1. Given Ala679, Ala665, which one is in a loop (DSSP other than H, G, I, E, B), more than 22 Å from Gly770 (Cβ to Cβ) and among the hydrophobic types (A, V, I, L, M, F, W, C)?
2. Consider Gln605 against the criteria (1) more than 30 Å from Lys367 (Cα to Cα); (2) of a type outside the set (D, E, K, R); (3) at pLDDT 95 or above: it satisfies all of them except one. Which criterion is unmet?
3. Can you tell me which of Asn558, Asn625 is part of a strand (DSSP E or B), surrounded by fewer than 19 Cβ atoms within 10 Å (Cβ to Cβ) and in the same structural domain as Val538 (by TED's automatic domain parsing)?
4. Identify all residues within the range 474-497 that are closer than 17 Å to Glu423 by Cα and in contact (Cβ under 8 Å) with a residue 60 or more places away in the chain; write none if there are none.
5. Regarding the range 470-490, can at least one residue be identified that is of a type outside the set (Asp, Glu), in the same structural domain as Leu563 (by TED's automatic domain parsing) and under 24 Å from Leu377 (Cβ atoms)?
6. Check whether at least one residue in the range 952-968 is within 37 Å of the chain's Cα centre (by Cα), at pLDDT below 95 and basic (Lys, Arg), and report yes or no.
Amino acid sequence: MRISLIVGAGLLWSLSQYSAAWQLTVEPQTNAPAQISVLNQETLQNVKVYLVWFNLDTESVQSWTMDKGWQKDLIPIANQTFTDVQPFVAEAVAQVPETCQTQAQCFLALVAISPEGDVLNTEHWQASTVFPLTQRASQARLPSQQFFLSAGANSADFLYREEEKAGLSEPTAVPTAEAAPPSADSSEGSQAETEKPDIFRLVGQRLYYANSQAQKFQIIDVSDPRAPRLHSETRLQGMPQELYVLADRVILLQNDYRDNRNGTRLVVLQPNANGTMQTLQEMTLPGHFVESRRRDHMLYVVMNSFTENPEPATDVVTTEGETVEPAIMPCLGCGVAQNLVVTALAVGQDGRLTQQAQVTLNGYGAKLAIFTDYLVLITDNPNDWRTQQIQLFDLRQAEPLVRLPLIQVPGRVPSEFHVSVKEDLLRVVYGPSDRNDGSSLAVFKITNQNITLLGQVDKIAPGEDLFATRFVDDKAYVVTYERTDPLWVIDLSVPSAPKIVGELHVPGWSEKLFFHQDRLFAVGIHDVPLPEEGDISVRRVAMSLFDVSNPTNPTLINRVVPLEGQMKWNYSPALEDERALLLDWTQEYAALPIQSWETGSHYLQVVSFNDGQLRDAGQVSTPINLQRSLALNDSTLVGLGNQALLTVQWGQGQAKTLAELELAAQLTWLKRHNGELWAAAYGDQGLYRVSRYAESDLNRPVQSFTVGKGYESLLLAEGQAVFYNRHPLAIQTVNMATGAVSAPRVLETEKEIYAYPYWWQRSAGFVAGGAFHVAQMTGEVDRGGVPCKGAEICILPVLDVVAEPQTMLPEQWVLHSWTLSGDSQVTRSIPGEPVAFTASGALLTQEMTAQGQMQVNVLQLTASAASLRDSLAINCDFYQTQVQWNNEALWVHCSGEPRYYIQPPSENEESARLSRFTLQQGRLTASGEWTFTASQLSQVSGDMVFLHRGGYGYYPMAKPAMLMEDAAVRGFPPMWGGCEVWQVVGENSKHLVKTLDYCPDPNASVVTSDGLLTAQGFAGIEAVKW
């Protein structure tokens, strides 16, 4: 039988036949590391010998050599081949290089192979032994292992079952930066396993991905880095935020923002025989999902919720050592408060979830940390914005959520990394509500069900803000910042008297710290400009390496600032979420995504520190924002984003992209053109691709055209797809027959943008007559005879007193036109803002009359001017009128009512009027009129009319008791609205077709013969049937 599993530095070991001639023994020593002894029971000829120490959790490896002792590499004990190894009794050869915690999986391996053999291929082993060094390691089952412990019958849940279920191997952890405060800080000897989930997991050669924007769970085959492929995907009802992979099942935690009552959705998926997934279980929880943690077979899920009666806290402990009564702040005016709901869910052996307990807490702004025996929840204090609360749950008890006394700190705890539980001690670093007071570190003692303040150090860097913190054993590393970045080292060996022992000042600041042996790796911001940049403000992502071997004298080894000099400002998601950083201490490299809104560019940056110093190991430009990166092997990385997956080669010269796989297109634009369905995808900088879809298959486009950058909007007309920006004006075209993409054209220079007279408003773009058109309102505006000239800005009041005589502000609209095939430009004066071009080439505009009413104009364009053909005054207030051109008819909707209501209008009160006008011989002629309940026009498509009822909704000012009827909406007044879809018939008949929750975006929807198609962003195109 062959068993395959991932061990060591992520390498594949396979078990086959080999000799067990080697034996290892490990003997504890007094005041010294344990002694390793070796014996041999058989004669071995022509072999190379390896003695290796490795940690499965951190994937670190060390090899012992006869001349240099332990080395951080996989190398034989000597460069020579041993020609004749005779049996020998046990001999002491070395000491164990590192001490492992009980929860770690540490091993020793002694292996003999042929001179030409590969030590990583067990078929080449001639003799071998693997010796576990901890209790947990002894429960593993590795090739050549010679010591074992069993978990016991009481621990036989499905998390530790045998491998090879439904064709899937047991998932293995992906090496990333420390994702949560390490469990080693907790009580020694405990066997509980904790986990902070992520949005992906590498299972064998398949990448499991919770694609939040696409609302999909995707499985990606990465066996060939040059040709990754989407294996399968599962559509979800919510936006997945986290995933767990337990045995062969996947648990996805989602947010469904459409549901204010039960907005947290959980789904459990299990594999089919073909490797796709099917739903095993679905459930909902109250409120919107925040985050979760796992301890063995129990999940702890935190949600934001509006509830009426949060459970009162137990006693409250303060940093002054006082114990006070808890207080709950009521929601003034609505009787409710924003609270946090903590739910404990047990994962059964069949993979199904069962709710075990639920607690509601008064607070908001949750940060969650888990330790072996405690769950820690940090929240804002609703009773005092200057303080925060820390709620501990004792996970050792029979009940899942046993609360300890609440702790209040007078300041802010920035993240989960600012708290740590070590045995019975809770250590907390918090910044003050008044920065002049400085930050503080407090140590609390946990005794049974009580918490008492044991010791603290305060006034750390008065006047500075608190940034990164990392607890390591009896040390705390703390970063503050004002103009420089002090790194403080705090000794916690005497919990009742913590003290600062070291300090280092460097430029900028660190947001995240990671520790290994005597090194700190930091991700932060470098805010010092280059000498040639002068005195400018810069904020650039930086990675730093510190030597903290001497706690009293920490030193900066060096810092790498990627893209320095190329941009002033950039950002990385790793500054806020440590899971965005790939940090491999064993292979001594790190990778993280960087993005810049200043330049609109995105990168995956790799740094190496294999020679003891940080160095730039390469970067690749990426077409999208990346969320995560992971390693496939020593020289291949994966960059993962909502829209695409990239494989990247590094370490072999210049880093380069090997392949790109689209995972989802963010469809935000949808139109029917010449009878065909077209959708456009939106990237980080705008619309960049237009695709044709068959209505029989809305998942995959039939044809696509891509331009090299993103644009604000898109037009399809006259056989062209015209992408355009309005500021500055720029276009790029695609010939839809040939697919030819033009070069980008900038239609206005920097000087023209800021030339006087300034433009105050710019219209949407239009394509007609082989030209691109856009209009803008310019000129000198006048109020009360006072002109605005030069650099002055006229600030117009939002509200005027109606009784006072008003001076109208004249508007000057100018239509600019550029031919699509050349650079010629024509400027025409037009009356008002363009509405549409008709099929005959006429231009319709809208403007406000001197009486404040709507007027629509019909113009015919000549080579150099716009000629007015007709003007139609609408007896309706300009701001209460919506005008659209559709199906060669002008639709004018007059709501006739204010947009805000004290109460909903009567269902029988039809005060809104919809009129239709057709263009006959250049004149607008009435051809139909319908009345509706007060509403706003969303769109007209053919004879289908979409009306949003109620404008912006109503807010009941009386009868507050009405708000008490439904706790799910407390805190928000009920909104009157929705969308009605009407079919208009003849000249005045109508019937209601459908009522929707909201009116679709006219630029992202298409009406079909039996329903509606809408572009739903990453979720793709969705169909609604009438």
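1. Numbers: Ala679 fails: in a loop (DSSP other than H, G, I, E, B).
Residue meeting the stated conditions: Ala665.
2. (1)
3. Asn558
4. Matches in the range 474-497: Lys475, Asp491, Leu492, Pro495.
5. We begin by selecting, within the range 470-490, every residue of a type outside the set (Asp, Glu); these are 470-472, 475-481, 483-484, 486-490.
Checking which are in the same structural domain as Leu563 (by TED's automatic domain parsing) leaves us with none.
So far as the range 470-490 goes, no, none of its residues is of a type outside the set (Asp, Glu), in the same structural domain as Leu563 (by TED's automatic domain parsing) and under 24 Å from Leu377 (Cβ atoms).
6. No, there is no match, as no residue in the range 952-968 is within 37 Å of the chain's Cα centre (by Cα), at pLDDT below 95 and basic (Lys, Arg).
A quick yes/no check of all residues on (1) touching a Gly at 6+ places or on another chain (Cβ under 9 Å); (2) surrounded by fewer than 20 Cβ atoms within 10 Å (Cβ to Cβ); (3) without any contact (Cβ under 8 Å) to a residue 40 or more places away in the chain; (4) outside the structural domain of Gln652 (by TED's automatic domain parsing):
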{"residue": "Leu563", "(1), (2), (3), (4)": "no, yes, no, no"}
{"residue": "Gln566", "(1), (2), (3), (4)": "no, yes, yes, no"}
{"residue": "Trp569", "(1), (2), (3), (4)": "no, yes, yes, no"}
{"residue": "Asp577", "(1), (2), (3), (4)": "no, yes, yes, no"}
{"residue": "Leu583", "(1), (2), (3), (4)": "no, no, no, no"}
{"residue": "Leu592", "(1), (2), (3), (4)": "no, no, no, no"}
{"residue": "Ser596", "(1), (2), (3), (4)": "no, yes, yes, no"}
{"residue": "Phe609", "(1), (2), (3), (4)": "no, no, no, no"}
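Residues checked against (1) aliphatic (A, V, I, L, M); (2) modelled with pLDDT under 95:
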site	(1), (2)
Val478	yes, no
Thr484	no, yes
Glu503	no, no
Gln517	no, yes
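The values are calculated or read from the model by the stated rules, or taken from the named source; none is laboratory data. Just so it is clear, the model here is predicted, and its values are computed rather than measured. In this analysis, Cβ positions are derived from the backbone assuming ideal geometry, glycine residues included, and neighbour counts consider all displayed protein chains.
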